[in-house]
Amino acid sequence: MLFGTAHAITAMQAVENVAEDPELRFEIDPAALFAALRAERAGGPNIVGYWHSHPGGDATPSATDAAMAAPDGRLWLIVAGEAATLWRAVEAGAVHGRFDAVEIVE
């Protein structure tokens, strides 16, 4: 998960991929997601998005990513090899109708 503000990712947390076939899909461990949501509601860090890797592909969102993403404005950081890209999940996005690219600024 990604934590931060509207303008910056300030922390990342690795969580288990509980997908049935983790080489092809990712699914955040629901217990970890619910714990992060409870912490956020209690004044903890804001969840601004999610991250995962495409070990055998590129850092562009897949059609599967798009099908799983809610158009909630959250960020999706995708890593593939040395590449990392950042996307915002939106209604009618430019990529697969779900994602718009976001510039990564260090």
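The values are calculated or read from the model by the stated rules, or taken from the named source; none is laboratory data. This structure is a prediction, so every number in the text was calculated from the model and none was measured. As a convention, Cβ positions derive from the backbone with ideal geometry for all residues, glycine included, and neighbour counts pool all protein chains shown. In case anyone asks, the SASA skips ligands and DNA or RNA and just uses the protein heavy atoms, side chains included. Shrake-Rupley method; radii C 1.70, N 1.55, O 1.52, S 1.80 Å.
For the structure I just gave you, tell me whether residue 99 is at pLDDT 95 or above and open to solvent by 30 Å² or more (accessible area, probe 1.4 Å). No: the conditions fail for residue 99.
The residue that is nearest to the chain's Cα centre (by Cα), counting only those in the stretch 76-87 that are in contact (Cβ under 8 Å) with a residue 24 or more places away in the chain and either more than 23 Å from residue 8 (Cβ to Cβ) or surrounded by 13 or more Cβ atoms within 10 Å (Cβ to Cβ) (or both), is 76. Looking only at residues in the stretch 30-68 that are β-branched (Val, Ile, Thr) and buried (at least 16 other Cβ atoms within 10 Å of the Cβ), the one that is nearest to the chain's Cα centre (by Cα) is 48.
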